[in-house]
Amino acid sequence: MSDFVSKVMGWIESTRVMEQGVDVDYVGLFTNPWFMVPFVLLLLYLLYKQAFRDLIVITCFVGVWWVSGTEYMNTLVVGGELQISKVLPVLFGGAALMGFLVYLFFGRSD
């Protein structure tokens, strides 16, 4: 099993997906009509279909993506040391978000 995991991790590292995610130009992305037109059309379609659960999930993903690029996240590791006082709010916030999403998918019926 560890051989499989190491092969998958090697493949992910060879594609450099993580580096591409870090190097995203947020301003350029959200001012690019080739991204914004389909994104807005998707949001309008989901509003038309009244798929509020899907809208909430998209909002959560965009929010986590935005928060991960803030200065607060950049100061979690200072001088090679993890700042526990700054990690705990992130941990509890992530746990609360995951709990909310699990409730959204499994806890209630439509």
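The values are calculated or read from the model by the stated rules, or taken from the named source; none is laboratory data. As the structure is a computational prediction, the values presented were derived from the model and not from experiment. All Cβ positions, even for glycine, are placed from backbone atoms using ideal geometry, and neighbour counts span all protein chains on display. Accessible surface is based on the protein model in full, side chains and every heavy atom, while ligands, DNA and RNA are left aside. Shrake-Rupley method; radii C 1.70, N 1.55, O 1.52, S 1.80 Å.
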Q. Carbon and sulfur together cover what percent of the accessible area of the chain at a 1.4 Å probe radius?
A. 70 percent
(Q) Keeping all protein chains in place and using 1.4 angstrom, which order do ARG53, ARG16 fall into by accessible surface area, from largest down? (A) ARG16, ARG53
Q | Radius of gyration and maximum dimension Dmax of the range 1-77, Cα, Å | A | 16.8, 47
**Q.** Highest-first arrangement of 69-79, 35-45, where packing means the average Cβ count within 10 Å
**A.** 35-45, 69-79
Q | Candidates TRP65, TRP34, TRP11, ranked by Gaussian network fluctuation over the chain, Cα under 10 Å, top entry | A | TRP11
**Q.** Per residue value of the accessible surface for the chain (all protein chains in place, 1.4 Å probe), Å²
**A.** 82 Å²
Q: Report, in deg cm²/dmol and to the nearest 500, the calculated mean residue ellipticity at 222 nm for the chain, where each DSSP H run with n ≥ 4 adds -39500 (n - 2.57) and the sum is divided by the residue count.
A: -23000 deg cm²/dmol
